[in-house]
Amino acid sequence: MREHTDWTSISSPGRIAAGLAYGAAFAAVLDLPPRHTPEPERAAHDDGGGSSFVLDLSGTAPVLVTRDRDVYDVQIAYEDVRAALDLAELPGPYAHAWDLAFSGAARWDGASWTPAVGVPGRVVTGVVDDRHLLSEADIALAEIAEGESDPNALAALLAAVRAGAWDRDTVEAAVRLTPYEDDEDLEAHPDPEAALDALERYAHFLEHALAVDRGT
């Protein structure tokens with residue numbers, strides 16, 4: 001079964017939150033304004049191409065609601081999603097989106113996303129997949145200047161974000177580029193402050209999500 005159609009392939013709330021924070025750090029390096037600002041108990045993600053999701057931690061159990069442009073054969077009405085999750089209304093930007101169709105929704109039971117309806121979609125799998133996250137980070141840095149990123153430093157930052165324990169040195173190493181040739185100079189340098197600011201915006205939400213993972 002393809003991962004984006006299988007809820008069992010979707011990681012915990014903490015892993016999703018970490019992926020959002022990591023991606024936001026490299027979007028900030030590109031000076032891209034955030035489409036949504038995370039709240040302490042809720043984060044929304046929009047890929048800019050018609051797919052989005054909301055991860056809400058405010059209730060008795062986390063809920064995840066998705067809309068994926070690549071999922072054409074699954075169209076779930078607002079009321080059906082609301083009923084499946086036993087909510088008075090859907091979270092965040094979906095609260096009054098009565099006319100939208102959704103691709104999936106699920107509730108976290110402490111170990112897996114169940115009960116669930118529909119499919120998670122690639123919009124979710126993209127923020128939990130190591131290869132995708134690291135590739136997107138490398139691409140973002142390449143937009144700044146023609147230089148070489150350090151794959152080990154990128155992976156170290158991802159691990160640190162997933163632990164909720166990054167620091168300035170780890171961020172600076174991750175966004176650092178080196179010229180391809182010794183006699184070349186970089187045209188520009190990625191700004192670690194932008195990445196640090198983006199991570200800080202996610203700090204409270206990530207802390208909450210990691211606490212959910214630990215069951216605390």
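The values are calculated or read from the model by the stated rules, or taken from the named source; none is laboratory data. All values derive from a computational prediction rather than experimental measurement. Heads up, the Cβs are rebuilt from the backbone with ideal geometry, glycines too, and the neighbour counts pull from every protein chain shown. Protein only, heavy atoms only, side chains kept; ligands, DNA and RNA dropped before computing areas. Shrake-Rupley method; radii C 1.70, N 1.55, O 1.52, S 1.80 Å.
Laid out as a table, the results:
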item	result
Per residue, in Å², the accessible surface of segment 22-176 once ligands and nucleic acids are set aside, probe 1.4 Å	48
Viscosity 0.692 mPa s, 37 °C: Kirkwood-radius Stokes-Einstein D of segment 111-169 over Cα pairs, µm²/s	241
q = 0.18 Å⁻¹, segment 5-122: log10 I(q)/I(0) [Debye, one scatterer per Cα]	-0.92
Using a Förster distance of 35 Å, the FRET efficiency for Ala173-Glu207 (Cβ separation, nearest 0.05)	0.95
Largest to smallest principal axis extent of the C-alpha atoms in segment 62-106, angstrom	27, 20, 16
20 °C / 1.002 mPa s Stokes-Einstein diffusion coefficient of segment 80-146, Kirkwood radius on C-alpha pairs, µm²/s	148
Projected-area mean, the chain, by convex hull of Cα positions, square nanometres	12.1
Length added when fully stretched, Ala155-Trp98, from 0.36 nm per residue minus Cα-Cα	16.5 nm
Whole-number percent relative contact order across the chain, with pairs defined as alpha carbons under 8 Å at least 6 apart	29
5 Å binning of all Cα-Cα separations within segment 166-216, expressed as whole percents from 0 upward	4, 17, 19, 16, 14, 11, 6, 5, 4, 2, 0
Probe 1.4 Å - accessible area at Trp108, Å² to nearest ten	30
